[in-house]
Each structure stands twice: as structure tokens, then as C-alpha cells.
Amino acid sequence: MARAFIGIGSNLGDRQQHCARAQEGLARLPRTTLVRASPFIETDPQEGVAGGAFLNGVAEIQTELAPHVLLGHLQALEAATGRATPHPPGSARPIDLDILLYGDCLVSSPDLTIPHPRMAERRFVLEPLVAIAPEVRHPVLQVTAETLLRRLGATAWVDPEGVAR
């Protein structure tokens, strides 16, 4: 069993519904248990991505699926939510699912990099991750998620319904 963290984001259509369906899909994956999910935060699109504001969150799972098999299931969940496959870089997306961490595994292949290559620079990843697992360590940088977030500075406020303002 591996402890893995999945980034969940949506900036197209009914964002809350897409994110909720993604969490439900994660809970139904074979040989996988959804352990917990963070509150969602609302953020502006980053890195030139088209569309409106994102809802972003992180889910923790326990899985027996190998990293590439897990990736295939995540891509199937994205396709079931209406995300084009392949999707043009920078396009708006009803759902975006990324493997952020997979235990202490390091994966570097053309279609998958673990840990996620830009997670340490992305507040929209680190805030939800710290909300559920501040102690989890980045296997390359060897620091906790909480330390990575602190390095980015002040955090956003999350309202009682789980959406940052």
C-alpha cells in the first residue's frame, strides 16, 4: 500500500460538482481507499491557463495501484468529466487530476513525473496539502509540505464552506 496525494482542480463549468465527482471517483478506484480530502480553495489561473478561477484541493489515498496504473485511472476520471484527451496545454479544464506524491517514490518518464515537478512552487497545491498532511515530506527536497508553504509566504483565507476568498 502506498500513501499518495492527488491534486484536484477545476476551472470550467460546475467546478464544485466536478471536484466532488473526482473525489467520488477516487473513492471507487480498485485497490484504493480515499483517506481524506482537503477543503477547496479558489485561485486565479496560473501559468497562462485559460478560463476562470480554479477550485483546487488535494486528496490523500492509500493504493496498491502502481504509479502508471494510477495515472491511467486518473486520466479516465478526467475523460469521464469531459476533459478532452489529449488536452491542449493551457486550456480551461472541467477537471485536472495530478499525482503530487506517491510515497517516497521518484518517477521520471515522458508521461509521469513524481513528485509533481512544480508542486513546491504552487500555493494552490501546498495550501490544501498542508490542510490534510502538513508533515508529509517532499522526497527530493527533504522538507515538509508545511515548510514549503511557509517559504511561499502568507496564506489565503478559507471560508467555512471550504472556498478561499
Self-check item: Residue under evaluation residue 127, criteria (1) without any contact (Cβ under 8 Å) to a residue 12 or more places away in the chain; (2) surrounded by 13 or more Cβ atoms within 10 Å (Cβ to Cβ), criterion not met
Solution: (1)
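Answer with yes or no whether residue 50 is more than 22 Å from residue 4 (Cα to Cα) and not polar (S, T, N, Q).
Details: more than 22 Å from residue 4 (Cα to Cα): yes; not polar (S, T, N, Q): yes.
Here the answer is yes, as residue 50 does meet what is asked.
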Quiz prompt | Close pairs (8 angstrom Cβ cut-off, 6 or more residues apart or separate chains): within 13 Å of residue 59 (Cβ to Cβ) in the stretch 93-111, small (Gly, Ala, Ser) and assigned to a loop (DSSP other than H, G, I, E, B) anywhere | solution = 95/82
Quiz item: Given the conditions (1) at pLDDT below 95; (2) within 24 Å of residue 136 (Cα to Cα); (3) exposed (fewer than 14 other Cβ atoms within 10 Å of the Cβ), which single one is not true for residue 64?
Solution: (1)
Quiz item: Does residue 69 satisfy the condition of being aliphatic (A, V, I, L, M), surrounded by fewer than 19 Cβ atoms within 10 Å (Cβ to Cβ) and in contact (Cβ under 8 Å) with a residue 24 or more places away in the chain?
Solution: no
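If you go through the stretch 77-131, how many residues are of a type in the set (Lys, Arg) and either over 24 Å from residue 53 (Cβ atoms) or in contact with a strand residue (DSSP E or B) (Cβ under 8 Å, 6 or more places away or on another chain) (or both)?
From the stretch 77-131, those of a type in the set (Lys, Arg) are 83, 93, 118, 122-123; that's our starting set.
Imposing the further condition that a residue be either over 24 Å from residue 53 (Cβ atoms) or in contact with a strand residue (DSSP E or B) (Cβ under 8 Å, 6 or more places away or on another chain) (or both) reduces the set to 83, 93, 123.
Number satisfying all stated conditions: 3.
Looking for something farther than 15 Å from residue 92 by Cβ and part of a loop (DSSP other than H, G, I, E, B) - is there at least one such residue anywhere in the stretch 12-26? Give the steps one after another, and end with the answer.
Taking the stretch 12-26 and keeping what is farther than 15 Å from residue 92 by Cβ, we get 16-17, 20-26.
Now drop any that are not part of a loop (DSSP other than H, G, I, E, B), which leaves none.
Checked against the condition, which is being farther than 15 Å from residue 92 by Cβ and part of a loop (DSSP other than H, G, I, E, B), the stretch 12-26 yields no hits at all.
Name the single residue, out of those in the stretch 29-61 being small (Gly, Ala, Ser) and surrounded by fewer than 19 Cβ atoms within 10 Å (Cβ to Cβ), that is farthest from residue 94 (Cα to Cα). Break it down stepwise before answering.
Residues of the stretch 29-61 that are small (Gly, Ala, Ser), as a first pass: 37-38, 48, 50-53, 57, 59.
When the remaining residues are screened for being surrounded by fewer than 19 Cβ atoms within 10 Å (Cβ to Cβ), the result is 48, 50-53.
Working: 48: 16, 50: 12, 51: 10, 52: 11, 53: 12 Å.
It comes out as 48.
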Self-check item: Leading residue by the ranking (nearest to residue 30 (Cα to Cα)) among those in the stretch 47-70 that are aliphatic (A, V, I, L, M) and more than 12 Å from the chain's Cα centre (by Cα)
Solution: 65
Practice problem: Working carefully through the options 69, 35, 125, find the one that is outside any strand (DSSP E or B) and within 26 Å of residue 149 (Cα to Cα). | Solution: 125
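Among the residues of the stretch 38-46, is any without any contact (Cβ under 8 Å) to a residue 60 or more places away in the chain and not β-branched (Val, Ile, Thr)? Quick ask: steps written out before the conclusion?
To start, the set of residues in the stretch 38-46 that are without any contact (Cβ under 8 Å) to a residue 60 or more places away in the chain comprises 44-45.
Then keep just the ones that are not β-branched (Val, Ile, Thr); that gives 44-45.
Yes, the stretch 38-46 contains a residue that is without any contact (Cβ under 8 Å) to a residue 60 or more places away in the chain and not β-branched (Val, Ile, Thr).
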Practice problem: Kindly indicate whether any position in the stretch 93-101 is in contact with a helix residue (DSSP H, G or I) (Cβ under 7 Å, 6 or more places away or on another chain), assigned to a helix (DSSP H, G or I), of a type outside the set (Phe, Trp, Tyr) and over 24 Å from residue 31 (Cα atoms). | Solution: no
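Got at least one residue in the stretch 38-48 being touching a Ser or Thr at 6+ places or on another chain (Cβ under 8 Å), of a type in the set (Ser, Thr, Tyr) and either at pLDDT 95 or above or outside any loop (DSSP other than H, G, I, E, B) (or both)? Explain how you work it out, then say what you get.
Step one: of the stretch 38-48, the residues touching a Ser or Thr at 6+ places or on another chain (Cβ under 8 Å) are none.
Checked against the condition, which is being touching a Ser or Thr at 6+ places or on another chain (Cβ under 8 Å), of a type in the set (Ser, Thr, Tyr) and either at pLDDT 95 or above or outside any loop (DSSP other than H, G, I, E, B) (or both), the stretch 38-48 yields no hits at all.
The values are calculated or read from the model by the stated rules, or taken from the named source; none is laboratory data. Remember, predicted model here, so these are calculated numbers, not experimental data. Cβ sites come from the backbone with ideal geometry, for glycine too, and all protein chains shown count toward neighbours.
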